[in-house]
Each structure stands twice: as structure tokens, then as C-alpha cells.
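Scroll down for the structure; my scribbles are underneath it.
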Amino acid sequence: MVERMYDVAIAGAGPAGASLALRLAREGFSVALLDAQRFPRFKPCGEFMSPEVLPMLGELGIRDELAKLGAREVRGMLLHAHGRRVHGRFVDIGMAHAPYDYGWAIRREMFDAELVRAAQRAGAELLEGHRVTSLLRDPDGGVRGVECSHGVRERRQVRARFTVGADGTRSRVATELGVRRETAWLRKVALVTRYRGVTWSDRAEVHLLENGFFAVAPVEGGDVSLNLVLNADEFERSGMPRDEALEYWLSRTPLLGERILAGTRIDPVRGTGAMAMRTTRQAFDGAALVGDASGYVDPITGEGIFFALKGAQMLAPALTTALHSGRRDAAALRSYIAGRRREIVPRAAFSLLIQRGLRHPTLVRTAFGFLAQRPRMVDTLVSLTGDYVPLRELARPSVWWRALGTREDAA
Ligand SMILES: Cc1cc2nc3c(=O)[nH]c(=O)nc-3n(C[C@H](O)[C@H](O)[C@H](O)COP(=O)(O)OP(=O)(O)OC[C@H]3O[C@@H](n4cnc5c(N)ncnc54)[C@H](O)[C@@H]3O)c2cc1C
């Protein structure tokens, strides 16, 4: 069946796709927002949003609603490794002002569904249960929409002047465009669940293990969201079922395990595997990639939602200008690519650098020894993951001078 022609077809209604749909629909464009699943749907995630996400939620008009749903304020991070604990807060760094001294955490089922509803209210057409299977092409090779499966038998074509791949780390759109590359050395699995009845502070915690890490954040309703990320090869070799692996690693993480196991697990232990990938291009004739579909690093710095929303915030005006001027060539999206280079690429590189560092236990031990004596340095590190500090701020000697100083309230 041949559908009508939309201005924009977006594959994937996670934070990247739904926020882009909302922004474009507000501009008066016709938008088809397709997702393989139905909302509310589960998405494996640490469910933490950095402080810089909060102003964007205001722009998208869903901040008050999320606050009503009970989004929890997360006022910094406790990092544990090799028996040491350091605490970092979100603070001003150099000329970079923290928009809030906290981030938020809320179940992804709620957050994503709220964003999708807001996109619909703005006028985007949501096509749930539509799995994109391939791209439609013009005779000159430009992308002209998507073909998708709907239900058991039905196949549909959704034609559009621009097609956006916002379909996550396993992106079908990026694969069809031939630009998706897996990051072999970062092959990880994540086990994800939630607990109730655990005594928890208003901080997120990361506990580094020999072969991975636990990340825990308090979410709405007093529950905690827990992720265990492990090297995929070791997890597969262990042959352990997910529940068993989770309990095994909790029992080996004394500063966390006892507290968590005092509560009750309220969700199944869900798994997701081999997530890290990059793309070699993000703008094409008639198409673009955004969010995890454009490249994904690792959840340790908790920035994926920021990357998704920021990418959509930068892609929307680029598409608006291209659509108004009747252009469909990749060069028309130049401002998006420039924005990515400024806002996303350096942060993703920083996150990758942390990942590389974590592969060397001696380095981690030494770094934690140093950080334990330099709490302001921990603030600097944690603030960098808060997404409001441009990395160029690190070129200021005053930032280092301050970071190397002491802090009276070191926790
Ligand atoms: C274990 C783990 C912990 C994380 N913790 C954090 C954290 O604490 N904070 C943070 O900011 N980020 C975190 N992240 C990263 C964050 O979850 C992602 O970066 C974010 O969800 C990206 O949003 P997105 O919209 O690009 O993709 P997604 O949220 O993945 O949405 C993609 C959508 O596309 C749909 N889709 C997929 N294939 C198709 C198809 N063929 N056709 C149609 N639809 C399709 C999916 O159903 C999905 O709804 C974590 C990730 C993992 C795995």
C-alpha cells in the first residue's frame, strides 16, 4: 500500500525521534513518527538525565508533567572503586554555569511515553508497531521514505521528503545507509532491573568492578534503577542466567550488594547486548541520523538522553531550513553536522577516553587514590558529564587551579 507523502518520516520514537517530531510538527511540517514497539515501552537505561537536559525538557513543554510524575532530583554522583569512594557534584566550572545542581531520574516508560504524547499533541502522526525494514530510494539514490512491516503480514511504504533514522543503536536506517560500524573493543552486555524498599540518598552511584560496573539511580516512587554492565565475552563465557549473574556480582560488591538485596526486586532482569557502535556519516541526500542511531558510546557517563535530545534540537532547524528552501541534498544539513562536531563529538570522545582508561586497573586505582585527595577534581569530572561544560573550559588554567584545590565538604 502506498501512503501519502510526508515532509519528514522518522524511524524510532525514543527521545531523539519523538523530540525531533515534536519540534518539526510545531513548525507546521507533516511528520510520520514510526516505532516498532507500542508505548509505553521498556527501554534498558540507567534513567538518569544530566542537568543540561532539564532546560530542553522545558523547551519541549514536558517538564512540569514529568515533575508531576515524580521525577527524582539526583544531586551528584558517588563513584566507588578499589575500596575508595569519591563524591562529585554538579557545579560551575570556569565560565560554564550549571543550569541546575541536579539532574533527574525517571522511568523510561514514563519519560518516553510523555514525549511521544507531546509530539502527537503538536501534530506528529504516530505509527506504532511499524518496524522499518528498508529505505525507499529515488532513481538518483536519494532517500525517499521507508518501507516497514506492520503486524504479521502487512507491509507499508511511508514516503517523505526527508527520512530520519532515530532507531537506536541497532539502527536499520544506518545499516541500510551502509555507515554503521560496531566498536569491537567495547562489546558489553547490560543487565537492567529495579528494586523497591532500598534506603537510598539523592545521588546516583557507580561501582567499578574488575570487568564492568554497576550504575544505580533513585527514580520516582522511591524505587532504584540498577544497571550492571559487563564485558560481553566474559558474561557469555560464564554461562550464567541473568538473575544469577546479577546476584553473583551484587554479592561481590559489598558497598552496594547488601543495601540493594535488603530491598525487593520489582522488575525482571532484562538484558541488552553489544551496544557500542559509530557511524561514518550522519547526513545524506534526503536522510539523516540522530541519537543512538548516529553513534553510541557507553552508558557510564549517563549522557545518551542528552545526546539524543541535543541532536534533535540541532537537526530540527537544519531540516526546517532545507524543507523551506526545497533542498534535499546532504549539504543542506551542514549546520547539523557542524553542531554535532561542537556539542556531541567532543563529549562522546571524552566518554570513550574514560572507557579506555577503565580498561587499565592500575590506572583506575591510581586515579581514585588521587581523586580521593582532590574532591574538587571529582566535581569537575562529574560536571563534565552534566553536559553543560564545554571541553574548551579545560584549557583555562584557573579551572585546573580550582580543581586541584581542596573542598571542605568532601563526602
Ligand atoms: C544499560 C544502559 C544504561 C543507560 N543509562 C543511561 C543513563 O542513565 N542516562 C542517559 O542519558 N543515557 C543512558 N543510556 C543511553 C540511552 O538509553 C540512549 O542513549 C537513549 O535512549 C537514546 O535515545 P534514542 O532516541 O536515540 O534511541 P532509543 O531510546 O533506543 O529509541 C529508539 C527507538 O527506535 C525503535 N526502533 C528500533 N528499531 C526500529 C525499526 N527498525 N523500526 C522502527 N522503530 C525502531 C525502538 O523501538 C525505540 O523506541 C543507557 C543505555 C543503556 C543500554
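Here are the numbers:
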item: Three-way shape label, the stretch 129-196, alpha-carbon gyration tensor, a/c 1.5; result: oblate
item: Cα gyration tensor shape of the stretch 256-411, rounded if a/c is under 1.5, else prolate or oblate by comparing a/b with b/c; result: oblate
item: Solvent exposure of the stretch 188-273 as accessible area per residue, Å², 1.4 Å probe; result: 42 Å²
item: Label-point gap, in nm, between LEU255 and VAL345 - each point 7 angstrom along Cα→Cβ; result: 3.7 nm
item: Packing rank of 26-33, 285-292, where each peptide gets the mean count of other beta carbons within 10 Å, highest leading; result: 285-292, 26-33
item: Computed log₁₀ I(q)/I(0) - Debye formula, equal Cα scatterers, no solvent, the stretch 268-337, q 0.15, 0.20, 0.25, 0.27 Å⁻¹; result: -0.55, -0.83, -1.10, -1.21
item: Descending principal axes extents, the stretch 188-273, alpha-carbon based, whole Å; result: 36, 23, 18
item: Options ALA71, GLY88, MET49, ranked by Cα towards positive dipole end of the stretch 42-104, top entry (Cβ charges); result: GLY88
item: 10 Å-binned pair-distance histogram of the stretch 1-150 (Cα, whole percent); result: 10, 32, 28, 18, 10, 2, 0
item: Pairwise centroid distance, computed over Cα atoms, of the stretch 1-61 with the stretch 334-402, Å; result: 29 Å
item: Percent accessible area from carbon and sulfur atoms, the stretch 188-273, protein chains only, probe 1.4 Å; result: 48 percent
item: Where labels lie 7 Å past Cα in the beta-carbon direction, separation of LEU391 and MET95 in nm; result: 1.9 nm
item: Among beta bridges that DSSP assigns inside the chain, antiparallel share in %, nearest 5; result: 75 percent
item: Cα-based shape type of the stretch 309-362, given that a ≥ b ≥ c are square roots of the gyration tensor eigenvalues and the cut on a/c is 1.5; result: prolate
item: Positive-end residue, the stretch 277-352 charge dipole about Cα centroid, Cβ charges, pick of PRO299, ALA349, LEU319; result: LEU319
item: At least 15 Å along the helix axis (C-alpha) and Kyte average at least 0.0, DSSP helices within the chain; result: 15-26, 304-324, 345-358, 361-373
item: Simple label model, 7 Å out from Cα along Cβ direction - ALA262 to GLU147, nm; result: 5.8 nm
item: Dipole moment magnitude, nearest 20 debye, the chain about Cα centre, only Lys, Arg, Asp, Glu C-beta charged; result: 680 debye
item: Diffusion coefficient, µm² s⁻¹, Stokes-Einstein with Kirkwood Rh over alpha-carbon pairs of the chain at 4 °C and 1.567 mPa s; result: 59 µm²/s
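The values are calculated or read from the model by the stated rules, or taken from the named source; none is laboratory data. What you are looking at is a predicted structure, and each value in this text was computed from that prediction instead of being measured. We place every Cβ from the backbone using ideal geometry, glycine too, and count neighbours over all the protein chains shown. With ligands, DNA and RNA removed, areas are computed over all heavy atoms of the protein, side chains included. Shrake-Rupley method; radii C 1.70, N 1.55, O 1.52, S 1.80 Å.
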